[in-house]
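To start, the structure under review is shown below, and the notes come after it.
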Amino acid sequence: MECLRVKLYTPTGIFKNPLSIKGIEIYPLPPYSTIIGLIYRAMGRKWNGEYFQISIQGDYQAIYRDYVWFKKHNFKDKELGRLPLQVPILYNLWLLIHIKASEELLNEIESGLKKPKELLFLSGGEYPVKVEEVKRVKCLEKFFSEEDSIKLNYHAYVPKEFKEKISPSGTGEGILFSLSYFYKNSQKSKNYSWIDAYYFQKGTEIYGSLILDEDNNPVFLAEPTTEELKKSEGEEYVRFYAGNWLMASACVGTLKVLENAVEDIEKYVEERTLKIPKSLWEKLPELYLDYFLKDKESVKRSLEDSYKQKGNDINPYNTLIYSRLRDFHSNSPFTNQSHEYIKRLKGVYSENLEEVLGKVKESFLEAYRKLLATIKDLSSICFFCHERQAKNYVDATTFTPLFASLETVRNFIWDPIPICKECEFLLYFASAGFYRSAGKYLFVYVPDDLLETYRLNLILSTEKEIEQEKLGRVWSVVRYVLDLEKQKSSWVLQNIYFVEIEMVGDATANIYSFHISPNLAKAIRELIDNYPKNLQDIFSEFLFYIYTGRSLYEFLFLLLSGFIRKDSYKNLQGGTIESKIVQAGRNMKYISQNLLFFINFQEVLNMNTQKDYTNWAFWAGRELKKLYKESENTQKKLEPLTYRLLEAIRRKDKEYFIHNLIRAYLEVEKEIPYLFKEALDDKNFSMIAYAFLIGLNSEEKSKEGQANDEGENSESA
Ligand SMILES: [Zn+2]
């Protein structure tokens, strides 16, 4: 068999898929549709029904989530804003593609890729893709036993049906993805078909019946799926696919509702799929309502409060339902105030709780029927489940925080996203899936495992209220996630992330997400137990700095400023993060070596291997202090010296810092230690300067004093 082998290189790759825009859908390699799109653009024409098969492998240097600024056009106010959207970007991406097709089509593809009809971009990348090789290669099927298994040199998509023929040996089963394969341009929307494929990381050893090209690269040709709907008729289950955080949050919400109905939820989950028996699905609207009303005492209280406030303007539906759904489903059948079934509950209040709840229930079920009845005549398959017929397009009512802003970023909506009624209703459960606190919503997502995602979010919502603060809750999840490391592939670990939604208006929201980078994981594991015990009060602020990627040197600067300039911050007020850190600095009675924790932590994040300088600079500072203390004359110069050094650090002015150091050592008739000259380069400046300053201001304490401070570990979360 002959294939066309293509090697592509791009310095950066962003995957253009409506749901990848906000980082909600992430693939470790471009999905099939992206590569097929590129091939057809090279040929300068559209797909015309030809048959071919394709294999995708690749390697990349790093994956980053980066903010890209998009122009936002506000149609109402005619004003251009800028909207930061977080997108996953692969850096230095190499791709190894094999294509099998008729001789005629192969010729066309070959000449298309050699002399493209247009500049080729891998979806939104800044630089054109470089076609490094287009070559005909002979491919042969060969059998490998487990003993002489071969090692993958690239990450690879391996279509599900290959699993009968080949096996990975030893580690891991691969991660199952449902990948967009192909689309036909029906009038309005892109109608994707989907392929289930396992993602194997490079280095995985595989054996069995393999196809190899003439350079011994394995080839995993994917069969195109038919355009027909997967069999769903006569199916006993309604299935949902938690392939992105949005759908995952809806699935988690559903699981919470089922758990509340005393269902054994584990039997409804398989990897990333939620499967609900049809009979149970029918009851889901009522079960959701039960979930909302589960705590009778608090239901009663909120109705009473509402009545006290509003008198006859009370609307129990709004008190109990609207308040729970409005942020995520603004203007929907469940929240739009113009619907008769919502309006008619105005003024309904009675001592008889059950009677009131009965009416709320009627309205809720009516809203559900309204949702089902709102139908568009579409020929597309649902974008979310990949199997049912779409009956609507996604809009602001489907999930307001995400799609309302999509509406305003016209240039980034390529096509409307088709959705089926089942998925549309399921998305209403996202309100139960997110953990809500003080106007913010939080969700944690594990890409390959729905049950794990559910468990992590339970930690988030049921964690004892020792630490009220949200970051403290996140912290307990972070610790749990780090414990997962042994079981999960590094790709999954790097893509466990937290989604925070902050409502800033009726239909506007900020969506933030952060994940635990490998460096952060390393720093936490190696160092967190050394977190200074005397700074427990600002542990949350510390977490904020590391989650949001701010430099701990800024943190340290505030802390030291508070300590060194106690007087100038005497009247400092306010509860900002920054002022809290300065206050904590003011409250420190003395400084000890335990502050080096922040430097060491930051340097692990920076991947700096020259950390030895930290201790050295600390002791140099301590030594100089001792020399200064020997005479009264120099002792009083210690404070001005500290000020000047802090100022040099603030300005990141290396020259000024060194200048002051030289003067300081002259003062005590010493020469500046050689290592300063050698090590004080731009990269190490903050590390050495802060460590020195901490040493210069530190005090030797009695052993007991130290033990109290530095503690054995930090019982923080
Ligand atoms: Zn669907």
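The values are calculated or read from the model by the stated rules, or taken from the named source; none is laboratory data. Worth saying up front: this structure is predicted, and the values here are computed from it rather than measured. Heads up, the Cβs are rebuilt from the backbone with ideal geometry, glycines too, and the neighbour counts pull from every protein chain shown.
Please return the ranges of helices (runs of 4 or more DSSP H) entirely within region 491-568 where 2 or more residues are surrounded by fewer than 17 Cβ atoms within 10 Å (Cβ to Cβ) and at pLDDT below 85. Quick ask: steps written out before the conclusion?
On the way: elements: 518-527, 539-547, 552-564.
In region 491-568, 518-527 are the helices (runs of 4 or more DSSP H) which contain 2 or more residues that are surrounded by fewer than 17 Cβ atoms within 10 Å (Cβ to Cβ) and at pLDDT below 85.
What's the number of the condition VAL444 fails, among (1) of a type in the set (A, V, I, L, M); (2) at pLDDT 95 or above; (3) in contact with a strand residue (DSSP E or B) (Cβ under 7 Å, 6 or more places away or on another chain)?
Every listed condition holds for VAL444 apart from (2).
Among the residues of region 429-449, how many are among the hydrophobic types (A, V, I, L, M, F, W, C) and under 15 Å from the mean Cα position of the chain (by Cα)?
5
What residue, of GLY585, GLY575, is small (Gly, Ala, Ser) and surrounded by 20 or more Cβ atoms within 10 Å (Cβ to Cβ)?
Just one listed residue meets the conditions, GLY585.
Does at least one position in region 382-392 carry a residue that is surrounded by fewer than 20 Cβ atoms within 10 Å (Cβ to Cβ), within 16 Å of the ligand (Cβ to nearest atom) and free of Cβ contacts under 8 Å to residues at least 24 places away in the same chain?
The answer is no; no qualifying residue exists.
Restricting the first residue to region 667-695 and requiring it to be within 21 Å of THR634 (Cα to Cα) and surrounded by 13 or more Cβ atoms within 10 Å (Cβ to Cβ), which pairs with a second residue that is of a type in the set (D, E, K, R) and at pLDDT 90 or above meet a Cβ separation below 6 Å and a spacing of at least six or different chains?
GLY695/ARG622
Hey, among the residues in region 365-381 that are more than 12 Å from PHE425 (Cβ to Cβ) and surrounded by 21 or more Cβ atoms within 10 Å (Cβ to Cβ), which one's nearest to the ligand (Cβ to nearest atom)?
Among those that are more than 12 Å from PHE425 (Cβ to Cβ) and surrounded by 21 or more Cβ atoms within 10 Å (Cβ to Cβ), it is ILE381.
Being at pLDDT below 90 and either buried (at least 17 other Cβ atoms within 10 Å of the Cβ) or assigned to a helix (DSSP H, G or I) (or both) is the requirement here; does ALA648 meet it?
So ALA648 does not fit the description; no.
Considering region 524-564 alone, what residues qualify as being small (Gly, Ala, Ser) and either in contact with a strand residue (DSSP E or B) (Cβ under 8 Å, 6 or more places away or on another chain) or not assigned by TED's automatic domain parsing to the domain that holds GLU699 (or both)? If you could, list the steps in order and put the result at the bottom.
Going through region 524-564, the residues small (Gly, Ala, Ser) turn out to be 540, 549, 551, 561-562.
If the condition is that a residue be small (Gly, Ala, Ser) and either in contact with a strand residue (DSSP E or B) (Cβ under 8 Å, 6 or more places away or on another chain) or not assigned by TED's automatic domain parsing to the domain that holds GLU699 (or both), then GLY549 is the only one that fits.
Quick one: in region 453-475, which of the residues that are within 19 Å of SER517 (Cα to Cα) and under 17 Å from the mean Cα position of the chain (by Cα) is modelled with the highest pLDDT?
THR453
Let's see how each residue does on (1) small (Gly, Ala, Ser); (2) more than 27 Å from GLU424 (Cβ to Cβ); (3) part of a loop (DSSP other than H, G, I, E, B):
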{"site": "TYR307", "(1), (2), (3)": "no, yes, no"}
{"site": "LYS310", "(1), (2), (3)": "no, yes, no"}
{"site": "LEU320", "(1), (2), (3)": "no, no, no"}
{"site": "ASN336", "(1), (2), (3)": "no, no, yes"}
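Looking only at region 412-441, count how many residues are more than 16 Å from the ligand (Cβ to nearest atom), touching a strand residue (DSSP E or B) at 6+ places or on another chain (Cβ under 8 Å), modelled with pLDDT of 85 or more and not in a loop (DSSP other than H, G, I, E, B).
Summing the residues that are more than 16 Å from the ligand (Cβ to nearest atom), touching a strand residue (DSSP E or B) at 6+ places or on another chain (Cβ under 8 Å), modelled with pLDDT of 85 or more and not in a loop (DSSP other than H, G, I, E, B) in region 412-441 gives 3.
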